[in-house]
1. Select, from A:S80, A:S66, A:S101, the only residue that is over 27 Å from A:K135 (Cβ atoms) and in contact with a strand residue (DSSP E or B) (Cβ under 8 Å, 6 or more places away or on another chain).
2. What pairs come out if I take residues in region B:58-86 that are without any contact (Cβ under 8 Å) to a residue 24 or more places away in the chain and pair them with residues that are assigned to a helix (DSSP H, G or I) and acidic (D, E) whose C-beta lies under 7 Å away, six or more apart or interchain?
3. Within the group B:G138, B:G90, B:G98, B:G62, which residue is at positive phi and touching a helix residue (DSSP H, G or I) at 6+ places or on another chain (Cβ under 9 Å)?
4. Given the structure, is B:S232 more than 8 Å from every other protein chain (Cβ to nearest Cβ), part of a loop (DSSP other than H, G, I, E, B) and in contact with a Leu (Cβ under 9 Å, 6 or more places away or on another chain)?
5. Are any of the residues in region A:156-174 under 19 Å from A:P213 (Cβ atoms), touching a helix residue (DSSP H, G or I) at 6+ places or on another chain (Cβ under 7 Å), within 12 Å of chain B (Cβ to nearest Cβ) and in a loop (DSSP other than H, G, I, E, B)?
6. Condition (residue is assigned to a loop (DSSP other than H, G, I, E, B), over 20 Å from the mean Cα position of the chain (by Cα) and under 20 Å from B:V251 (Cα atoms)) applied to region A:205-222: is it met by at least one residue?
7. Tally time: how many residues in region B:183-208 are surrounded by fewer than 18 Cβ atoms within 10 Å (Cβ to Cβ), away from chain A (no Cβ under 14 Å), among the β-branched types (V, I, T) and touching a residue at least 24 places away in the same chain (Cβ under 8 Å)?
8. Quick one: which residue in A:C178, A:C208 is touching a strand residue (DSSP E or B) at 6+ places or on another chain (Cβ under 6 Å) and under 27 Å from B:T102 (Cα atoms)?
Number of protein chains: 2
Amino acid sequence: MISNFDELIRLAKSKGKKRIAIAAADDEAVLIACKMAMDQGLIIPILIGNQNKIKKICAHIGMDISQFEIIPQDDPVACSRIAVRYIKEGKADLLMKGLVSTAPLLQAVLNKDSGIRKNPLLSHIALFQTSYYHKIIGVTDAAMNIAPCLEDKISIIKNAIEVFQKIGILKPKIAILCPIESVNEKIESTLHAAILSTMYKRGQIMNCVIDGPLALDNAISKEAAFHKGIQSDVSGEVDLLVTSDLNSGNVLYKSLIFMGGAKAAAVIVGASVPIVLTSRADSEESKLHSIALATILS
Amino acid sequence: MISNFDELIRLAKSKGKKRIAIAAADDEAVLIACKMAMDQGLIIPILIGNQNKIKKICAHIGMDISQFEIIPQDDPVACSRIAVRYIKEGKADLLMKGLVSTAPLLQAVLNKDSGIRKNPLLSHIALFQTSYYHKIIGVTDAAMNIAPCLEDKISIIKNAIEVFQKIGILKPKIAILCPIESVNEKIESTLHAAILSTMYKRGQIMNCVIDGPLALDNAISKEAAFHKGIQSDVSGEVDLLVTSDLNSGNVLYKSLIFMGGAKAAAVIVGASVPIVLTSRADSEESKLHSIALATILS
């Protein structure tokens, strides 16, 4: 069980080096993150992309190209397909997005014949280290599923439970986040929350503790819940916040980072291997943490 | 123009004492906030509620009852009607919720005959002072409108512009918050954002600058916007974040306070006077700031 990102890095190191296939690796930000993860002994990169550009960037950032494989391919879409094939053939342990749009990469991942889908749904999960909470806290889904239906939310929760188990939290405490703590027939997120927490009580969702509807304050604070008259096994000890949709998930993710000083690690899960999808807005540290998380999950 | 909450209090003081009608005032938390605002010279309270309880609480917290009017009324719903009548008859300048549910208070406010509705829609607006941004930043709507349609959002924006003008920001910069910075046909918030920013460009929404879709990071940071290739007059100087719905507004509000250390002041606007609707979860300081904001707006 990890309680901060130093421990995340340590846990990742203990797993040994993982082979990471990077689709369209000819991007400086991606290669810097890759170098940081190599320096920490976390990964062996397999760089798929424009060979000349990769070599040039590597020279520029002081990355020794004799240490890894470069697969020359100028077309980013073809890069995605090659990277996924490497995973499927057991030649790589995890996947990372380089200078290719998310859509073609995910198309390659989800392809019925050549893809690597494992669970019913791919979803995004982010872990945060923040000075406003006493342990690592997760948020799902901040970047992938636009308006998940109830069935989708069950898949998102199950994907997340797999993640927590791999970082040593065998029964994560899960809050279904809503604007209020009670059921309001006009607010769909509160209906989903009520159903999901009942499904947990009936043993239909296992290996976790679920409560909801909970608002953010009473999810993270037992006192706040107490003031509202709520008795909850999740309040104050929550490991995972399940947001109602992409609008709320994304704004929470960005608020924690940009208006709360939190550090983040994020991956896409639900395929046979974790996928690192860092964005330009992420700090280098955040990219390193995301790669470390992915190596633990792979 | 105010840039922090000390200036908000100073501006409120400069407006002279306002008469605040408190519906169901027999609540310790409400009376403590009321006393703080009196001590700052902001208000003259008109307390409507259970007289014995009010006197008992006032004695307990050291509030001199000779300084204000108490209107005895044990029924909270009747208290709400009386408070609204005081506003309508010009005997009070602003309204505050005490120990009564929000629904009956708003019913009294919105009653076609005896109510005090002014604008097409009531909406919630919160102002924040945070160490992660260089000036006061507003969020609307975090507590009132569940799933505002496009027309509702126009009303919410117009309500908010009135608020900013009263605190000296004549043309507030407004970001329509979305999970991404471009239009995605499947994400309604991005469609609303595109339409609202076009309406601004065509002069259909005046006295402001609107841009969107913008994600939180590129709303508050010019650099983040630049990295995404976005040129925006709003980025980095935004005064108001318009959230897509209650789910996202509420999670942003609570994240800023409970996971970002921000201070908040919030009111309901759109009636003939501002309404202070503090909740038990609010700090005493936040309640004082909300009353101060309301006195400025009244």
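The values are calculated or read from the model by the stated rules, or taken from the named source; none is laboratory data. This structure is a prediction, so every number in the text was calculated from the model and none was measured. Please note: Cβ atoms are built from the backbone with ideal geometry, for glycine as well, and neighbour counts cover all protein chains shown.
1. Step by step, each of A:S80, A:S66, A:S101 is checked, and only A:S80 is over 27 Å from A:K135 (Cβ atoms) and in contact with a strand residue (DSSP E or B) (Cβ under 8 Å, 6 or more places away or on another chain).
2. none
3. Only one candidate qualifies: B:G62.
4. The answer is yes for B:S232.
5. Checked against the condition, which is being under 19 Å from A:P213 (Cβ atoms), touching a helix residue (DSSP H, G or I) at 6+ places or on another chain (Cβ under 7 Å), within 12 Å of chain B (Cβ to nearest Cβ) and in a loop (DSSP other than H, G, I, E, B), region A:156-174 yields no hits at all.
6. So far as region A:205-222 goes, yes, one or more of its residues are assigned to a loop (DSSP other than H, G, I, E, B), over 20 Å from the mean Cα position of the chain (by Cα) and under 20 Å from B:V251 (Cα atoms).
7. The number of residues fulfilling the criteria is 1.
8. A:C178
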